[in-house]
Amino acid sequence: MSPQFRPTPGAKGYQHSCTPVLSSIPLLATLELIDRVSFSAMLEKQKLLTGALESLLKASRFYTPNGTTSSTQVGFKIITPEYPWRGTQLSLFIFPHREDDGAGKGSMPRVFNRMLKRGLVGDEREPSVLRLSPVVLYNKFEEVGRAVQIFEEALEAEVEWQKGHPLEDFSKIVNLDVASKDQSRITE
């Protein structure tokens, strides 16, 4: 490093040395909201909200707690540890997990895309894990219930797809590569 400062020309010079102003505005608003609500209240709601999600998922007819299913049975198990060893996120292992379904990925990518089409945003971990996480600052308990309903509808559609009676047209799925994370997953 030379004794004289030589800034990188243009906007690129602000990438590492300064906090971007536009990125700071939502952060400041979030910190003010956390200060008003209190962190302890957020932790309590996190426990209750994620607990409600876990309870509703465990009541699902697709829930298989020990993870044993036939090679074609559609279902899931929760692989995230129970409270108090978890945060707000629950990881769900989706069955069937097999390599010989034509796509080589099991059921998870189809279930995930069905959820996205219905407005439920989660996260995917290839080859067979979906992650759902209610956000304490803005999700309501009713939304957790709706999320579980959408998830179950996606699993029901997978049951029908496996029987050869698809409820939806998935010929529009372009890219199931998790590494790309681009918007071309589903074309219109």
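The values are calculated or read from the model by the stated rules, or taken from the named source; none is laboratory data. All of these numbers come straight from a predicted model, not from anything done at the bench. Don't worry about glycine lacking a Cβ; one is built from the backbone with ideal geometry, like all the others, and counts go over all protein chains shown.
Can you confirm whether E153 is more than 30 Å from A29 (Cβ to Cβ), modelled with pLDDT under 90 and among the acidic types (D, E)? Quick ask: steps written out before the conclusion?
Values: more than 30 Å from A29 (Cβ to Cβ): yes; modelled with pLDDT under 90: no; among the acidic types (D, E): yes.
It is false that E153 is more than 30 Å from A29 (Cβ to Cβ), modelled with pLDDT under 90 and among the acidic types (D, E).
Are any of the residues in the range 24-46 at negative phi, of a type in the set (S, T, Y) and surrounded by 15 or more Cβ atoms within 10 Å (Cβ to Cβ)? So that I can check it myself, show each step before the final result.
Initial filter on the range 24-46 (at negative phi): 24-37, 39-46.
Checking which are of a type in the set (S, T, Y) leaves us with 24, 30, 40.
Keeping just the survivors that are surrounded by 15 or more Cβ atoms within 10 Å (Cβ to Cβ) gives none.
For the range 24-46, residues at negative phi, of a type in the set (S, T, Y) and surrounded by 15 or more Cβ atoms within 10 Å (Cβ to Cβ): absent.
Could you go through the range 88-108 and let me know if any residue there is modelled with pLDDT of 90 or more, assigned to a helix (DSSP H, G or I) and touching a Leu at 6+ places or on another chain (Cβ under 9 Å).
Yes, the conditions are met somewhere in the range 88-108.
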